[in-house]
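Trainee: Input: one structure, supplied below.
Read the figures in this text as sums done on the coordinates, not as results from a lab. Please read these numbers as outputs of a predicted model, since none were measured by experiment. Cβ coordinates were reconstructed from backbone atoms using ideal geometry, including for glycine residues, and neighbour counts include every protein chain displayed.
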């Protein structure tokens, strides 16, 4: 479009109705280049935009974010408040904004950011009059706009700022007095958008959701509001728009606002919602069960009956299963009253819905357990199974029976004895009663879950198991076996004395129950007898079992009786058992077998396991089991054979490498790669696919030879390797494999033998850099630089001062550092690390490089090793250089730009960690640094992790380098820690408040641990610090501090009141612990009443979170231990009536639970 060259023509064009919004923006953007006389152009264009916005038909002007952006720019450029207010008065902004929010249909994020800016400009100038109805419409429209932004583009902070500006614009916070009269407006305009937002963003910490929830509570759940009637009208009017997610979100808020006493209202709302979305029934009840609230039993019983009727017609309906499950969760009485119906449903659903059958079964048991009616449930179950034989699976199927066994701990001792006695009595008189026998087995399986101390109470009673003569022999042997597994000395003498007779009478064969064999194996643990008559039928029995059952038997046998198998079974049978494990269907149980350390003691079993694994070395899933086997269990011949086979594989996997390293840990020196350098080199060349900085197999072999270098074999191997690599490097130009092997050798070998190789390696690398051979290969360049760094560093700091080609390497690095933004990150890291050893100028230059690299997004962990090396070198060579750089670091706290603040804190932490006692100025510099950190720490409030690391470092220095801390420095730590707590309790990020609070408590604890003598007459500082932190804990709703913070503060108070044993000093051979401790306690006794008074005052007037209070109570008991009677009277006199009542109860609890008593 051609732009007019005169002001008249230009204004005419801009006023034209034909011009598009894009063209207007283009023309305005070029006004300054036209050099036209156009006074008040900002005013003219703003009036033009206002005129277009006031025209309801020109929707394009309303929804084009470019027009809004132009409006913002001209508004700021005009800057005349009088004119701006006149323009705003002319603009019908409220209806304009409402229409805009309804029609915007693209570029939602950009539009939101622009609109936020517009609202901010208007809010800073004036207040817009907005009715409550319009306010609800605007907020609802703003929420709809937020919901249109794609999740990948959403910025939570920007969204909150946008909604904050909208809230300020409509000034809804000052409309509290009309809330009760305006619920209909809220429901029609804002409730649905709010529910959509709740459904989309379920984060409980979302600040927008918090604001919307607060408004929802005021409008819908206010005292004067008929909530049910209001929501009924809302659901009827919006039934077509309300999705199931919206209804779920609404019910969640109803649960939140309606207390346990309002369950009738909750029931009515539940009915209203499921009227339009019946499928939500189970989901809503699930929400209710998680909230610890419920509904009336009559309502839930009605739901239960309807669900049971419906599920009889369709047992595969998972929604109905879920609904019944949640009903039982909400009301255990319904489960207890309707046990028979539920048992029938579980039996019917076993085949169609096994998972839900098991869940419902476990919940039914839980209902009776929570009501302390388990014995009655066992009676019901017995009666039901007698009448319905097809339901016996509830007792004999492990998937169901284990829930019964697990609840054994809920029985009282009397109840359990009665149950066991009842079943034993019945079985004594009726050996054919299979149902009672199965119930007895269920109880016996739960015995290992009981506390060991209580088991003795059942010993005499359970001895009767050995007198039972059941018709079902399998159950008889199972019962005996289970009892023997719990008690070591319960078997009657007559049984122990005649195992042979038992084997004769039992007529052992492959048809005998497996439990009989378990019993005999268990019996063999108590008494020696000939196992040969058992072994053959036992092996036949295992062979005849189905695959799934066979796996379980093999697992039990190897885990429980590996010693008996290894020592008493013939070798051929041991091999058969192991071969059974090494099949495709059962190999998975080898994991369980090898997790039992006892099996490694059994050479017979381990021999066959290792042989089977080694024969399957090609199979990765089998070979990995070798990693679990201690190297001592693998014979040298097998190790040699396996090393040779695996190293010759065409494709070496990660598992192969791990197994090779495992086998090489105990060197054989006889495998090919261990005894022949050229075989090892060939292995490396064939298997190296990428440039790496380590190769575990090569390094293990090389280090094994270094460990016995005095042996002629190893000396020759090492010499051959070094000479071979030297010759290759000298004659070949650039062989990556040769360089990599040479690097691995040099990294591990620092002796004089490797000097020639090191020299040629460095010479060749420098030559490659200087002549540009590899300059285009960034990966190779980076790798070579990093290897030089590691080689130089491995030689130690003294070598670093005399590095050959130091100047050449420095020049190369400096030349490559230019154009940092275009360089590969890995190359940058390598250059930085090497330069940290080569540098010969001021440390500040290196620090600057570090900060720039961190700013480019490179992780600190990849760079800090270089800084540490440089700092150590500096302190050895010229401590003044280090001191100057350290001072520059903490003096930069004040002026450091935000982008570099995190890197600066990391540098500071690194330097204080490396301060050396030989540095005479270290103490003074450290004091100055702590002072500067205290002064400027508020600048670093977003950098929680870095602050936390610094404080942790200071805490460690209090122990490892106590000489750094002067009296003044110790005292400064208290205000520093308190200030950090005050800064970070306002953090919007969940958990950060706790993180800093706990860290500062640890620092002060370490002060008490190591520097207590410096606080002898400074206890008032400690008490003041503790009182302030108690206040922060009591305001936990605002500070977000949890019981974890309370635990750390309680530990600090206990440390204060109970001086550590480290205070023991030896003076003239006399232990003065008692006198020193008494002095400290005497001095402290005068100050702790203030702390106790503050705690009680806060407990009464600003109560702590219950979990936090339970943590602090232990600390308060330690104050009572220290307090004298006079001190207690002082506390009592300083409190008001409520405080004295609280003190009385607290002191009574102390005497009952907290005070140490000699008896």
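Trainee: Please check which bits of segment 843-882 a label hung off residue 924 would reach, taking the label as a point 7 Å along Cα-to-C-beta and the cut-off as backbone N under 16 Å.
Mentor: Under cut-off, by backbone N: 879-882.
Trainee: Report the full-extension gain for the segment residue 844 to residue 573: residue separation times 0.36 nm, less the Cα-Cα distance, to one decimal in nm.
Mentor: 90.2 nm
Trainee: What list do you get for 563, 127 if you sort them by fewest beta carbons within 10 Å?
Mentor: 127, 563
Trainee: Report, in deg cm²/dmol and to the nearest 500, the calculated mean residue ellipticity at 222 nm for the chain, where each DSSP H run with n ≥ 4 adds -39500 (n - 2.57) and the sum is divided by the residue count.
Mentor: Helix-only estimate at 222 nm: -21500 deg cm²/dmol.
Trainee: Where a ≥ b ≥ c are the square roots of the eigenvalues of the C-alpha gyration tensor, would you call segment 226-293 rounded, which needs a/c under 1.5, or, failing that, prolate if a/b is larger than b/c, or oblate?
Mentor: oblate
Trainee: Quick one: if you stick a label point 7 Å off each Cα along the C-beta vector at residue 982 and residue 495, how many nm between them?
Mentor: Between residue 982 and residue 495, the simple spin-label model gives 7.4 nm.
Trainee: Is the C-alpha gyration tensor of the chain telling us rounded, prolate or oblate? Criteria: a/c under 1.5 is rounded; beyond that, a/b larger than b/c is prolate, otherwise oblate.
Mentor: Oblate is the answer for the chain, as a/c is 1.5 or above yet b/c matches or exceeds a/b.
Trainee: Separation between the residue 682 and residue 86 pseudo-spin-labels, each 7 Å from Cα along Cα→Cβ, expressed in nm?
Mentor: Label at residue 682, label at residue 86, 9.7 nm between them.
Trainee: Let me ask something else about it. Using a basic spin-label model with each label point 7 Å from the Cα along Cα→Cβ, how many nm lie between residue 931 and residue 184?
Mentor: Each label point lies 7 Å from its Cα, and together they span 7.1 nm.
Trainee: Evaluate E = 1/(1 + (r/R0)^6) for residue 693 and residue 727, where r is the Cβ-Cβ distance and R0 equals 22 Å; express this FRET efficiency to the nearest 0.05.
Mentor: Computed FRET efficiency for residue 693 and residue 727 comes out at 0.40.
Trainee: May I ask you to list the residues of segment 353-372 whose amide nitrogen lies under 12 Å from a point 7 Å from Cα along the Cα→beta-carbon direction of residue 449?
Mentor: The answer is 362, 365-366, 369.
Trainee: Compute the FRET efficiency between residue 891 and residue 737 as 1/(1 + (r/R0)^6), taking r as their Cβ-Cβ distance and R0 = 41 Å, and round to the nearest 0.05.
Mentor: 0.25
Trainee: Would you mind ranking 400, 529 so that the residue whose beta carbon has the fewest other beta carbons within 10 Å leads the list?
Mentor: Listing 400, 529 from fewest to most nearby Cβ atoms yields 529, 400.
Trainee: Using Cα pairs under 8 angstrom and six or more residues apart, how large is the relative contact order of the chain, in percent?
Mentor: 3
Trainee: On a C-alpha basis, how far is the centre of segment 197-229 from the centre of segment 656-678 in Å? Whole number, if you could?
Mentor: Computed from Cα coordinates, the inter-centre distance equals 68 Å.
Trainee: In what sequence do 1137, 1020, 662 fall when counting other Cβ within 10 Å, fewest first?
Mentor: In increasing order of surrounding Cβ atoms, one gets 1137, 1020, 662.
Trainee: Quote to one decimal, in nm, the extra length available between residue 410 and residue 171 on full extension: 0.36 nm per residue of separation minus the C-alpha distance between them.
Mentor: Computed gain between residue 410 and residue 171 is 80.3 nm.
Trainee: Between residue 127 and residue 824, what is 0.36 nm times their sequence separation minus the Cα-Cα distance? Round to one decimal in nm.
Mentor: That works out to 245.6 nm of additional length.
Trainee: Moving on. Rounded, prolate or oblate: which one fits segment 837-943, using the alpha carbon gyration tensor with axes a ≥ b ≥ c (rounded when a/c is under 1.5, else prolate when a/b beats b/c, else oblate)?
Mentor: Verdict is oblate for segment 837-943.
Trainee: Let me ask something else. To the nearest 0.05, what FRET efficiency results for residue 236 and residue 261 with a Förster distance of 45 Å applied to their C-beta separation?
Mentor: Using R0 = 45 Å, I get an efficiency of 0.95.
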